[in-house]
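Each value in this text was obtained by applying a stated rule to the coordinates, not by laboratory testing. Here the structure is a predicted model, which is why all the values come from computation and not from measurement. Glycine also receives a Cβ, built like all others from the backbone with ideal geometry; neighbour counts cover every protein chain displayed.
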Amino acid sequence: MNTKSRALSLIAVLIGSGLLCIAGTTQAQAPPPARAAQEATRPAGPSPEEQQTDIVDNEVEEALWNLRVSDIAAVDKFEIASSKPIRMANATGQGAGNPLIIYFYSFTPKKLAAGQKAPLMVFNHGGVRSHFDLTYVHIIRELMDQGYVVVAPEYRGSTGYGSEYYNQIDYGGAEVDDVHDVRNWAVANLPHVDPERVGIMGWSHGGYITLLNIFRWPHDYKVAYAGCPVSDLVMRMGYKSQGYRDIFKSFIGKEAQDDPTEYRKRSPVFYADKLDTPLLLHSNTNDEDVNVMEVEHLIDALKAAGKKFDYKIYENAPGGHHFNRIDTALARQSRQDIYAYLAKYLKP
């Protein structure tokens with residue numbers, strides 16, 4: 001039995017047992033305890049058994065995405081060639097230089113009429129080691145209600161696609177190009193997309209990728225939202241644990257203290273002068289993952305560069321790092337503020 005068959009069989013068992021409810025909902029799913037810490041400290045090389053579990057989990061979630069939003073959205077998943085090559089141990093071996101095949105979801109509101117054009121939202125998942133999971137269901141449904149076409153890149157290093165894909169992680173490097181490639185493909189190939197109305201958004205590592213996209217390609221996006229974004233890897237390595245620094249050493253090759261230039265090269269804060277896209281930033285003073293001082297450093301750099309942008313720092317908002325992705329009155333209002341900001345430029 002292949003992984004998709006196992007996934008569908010598992011879903012059938014869960015439905016039959018009453019443990020799985022398929023009805024559409026806008027309620028946020030609370031993240032597991034210490035989820036941010038778990039994502040950050042996951043071993044760089046999981047066992048084959050763990051990789052197989054991730055693949056099955058991913059297949060289950062792919063089916064569940066259809067079930068959870070199919071009442072309002074057409075869901076699809078695509079594979080395309082990235083503009084950046086696969087990384088191989090043997091740089092001259094067979095297949096060396098070939099582009100990496102990357103994956104992404106697309107969501108199109110069913111309420112769109114034939115031939116109707118709509119704004120595109122590039123939605124970047126968070127997590128150092130994660131994928132586009134079901135904790136975003138309520139946000140996708142909210143975006144569908146507003147009339148956005150959404151693409152969600154599973155950039156290199158995302159979990160659930162096997163060890164080869166997992167080990168292609170390029171933090172702040174080719175993963176950023178992967179997201180831009182998905183943007184370009186969607187503009188050229190999705191029939192409902194208006195190429196003149198493209199936005200980008202994400203939280204945490206998704207916010208980090210959002211920032212690097214608008215700093216590298218400032219005129220390819222009309223507007224951007226970055227929630228609690230990783231902003232300064234040099235500063236970040238200073239306040240995180242040695243275990244966390246070891247993980248980034250496995251990503252980048254050296255620790256920040258040994259190669260600060262490389263960490264600076266991969267830090268959005270050092271590209272503040274490149275901003276030419278309307279940008280909304282959010283942070284939270286009790287964020288247990290991305291310390292507020294990281295985002296404040298970015299805000300200060302943008303101000304020093306004379307850039308116009310918008311931001312809000314929440315004071316001890318319940319939920320910490322996830323404060324405006326959960327299901328509280330404050331979170332719902334914060335998301336409404338985000339959507340209002342995006343709508344000014346994308347006009348859904």
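Classify the stretch 159-231 from the C-alpha gyration tensor, please: rounded if a/c falls under 1.5, else prolate or oblate depending on whether a/b exceeds b/c.
Values: a/c = 2.10, a/b = 1.28, b/c = 1.64.
Oblate.
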*Using only the Cα atoms, what convex hull volume per residue in Å³ does the stretch 237-331 have?*
122
_Using the Kirkwood radius over C-alpha pairs as Rh, can you work out the diffusion coefficient of the chain via Stokes-Einstein at 4 °C, viscosity 1.567 mPa s, in µm² per second?_
63
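Would you please report the Å³ per residue occupied by the convex hull of the alpha carbon atoms in the stretch 292-348?
Values: hull volume 5.1 nm³, N = 57.
Per-residue hull volume (Cα only) is 90 Å³.
Can you tell me what share of the DSSP beta bridges in the stretch 56-199 is antiparallel? A percent to the nearest 5 is fine.
The antiparallel fraction comes to roughly 70 percent.
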*DSSP-defined antiparallel bridges as percent of all bridges, the chain, nearest 5*: 40
_Between the stretch 64-92 and the stretch 277-314, the Cα center-to-center distance that results, in Å_ = 30
*By its C-alpha gyration tensor, with a ≥ b ≥ c as the square roots of the eigenvalues, how is the stretch 45-105 shaped: rounded for a/c under 1.5, else prolate for a/b larger than b/c, else oblate?*
oblate
*Positive-end extreme of charge dipole, the chain - chosen from Gln242, Phe309, Met201 (charges on Cβ)*: Phe309
_If I histogram all Cα-Cα distances within the stretch 123-187 using bins 5 Å wide from 0, what percent of pairs lands in each bin?_
4, 17, 24, 22, 19, 10, 3, 0
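Consider all pairwise Cα distances in the stretch 89-171 and report the whole-number % of them above 16 Å. Present the calculation step by step, with values, prior to reporting the outcome.
On the way: 2046 of 3403 pairs.
Counting pairs separated by more than 16 Å, the tail of P(r) holds 60 percent.
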*Using the Cβ atoms and a cut-off under 13 Å, what net charge is assigned to the surroundings of Phe104, where Lys and Arg are +1 and Asp and Glu are -1?*
-4
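Label the stretch 92-135 by shape, choosing from rounded, prolate and oblate, from the square roots a ≥ b ≥ c of the eigenvalues of the Cα gyration tensor; if a/c is under 1.5 it is rounded, and otherwise prolate applies when a/b is larger than b/c, oblate when it is not.
Values: a/c = 3.81, a/b = 1.71, b/c = 2.23.
It is oblate, given that a/c is not under 1.5 and a/b is not larger than b/c.
Can you compute the helix-only [θ] at 222 nm over the chain? Use -39500 (n - 2.57) per DSSP H run of at least 4 residues, normalise by all residues, nearest 500 deg cm²/dmol. Write down the numbers at each step before the final one.
On the way: 12 runs with 141 residues, N = 348.
So the helix-based figure for the chain works out to -12500 deg cm²/dmol.
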*Give the cross-link partners of Lys312 among the lysines, using a straight C-alpha distance below 17 Å as the criterion and excluding same-chain residues fewer than 8 apart.*
Lys303
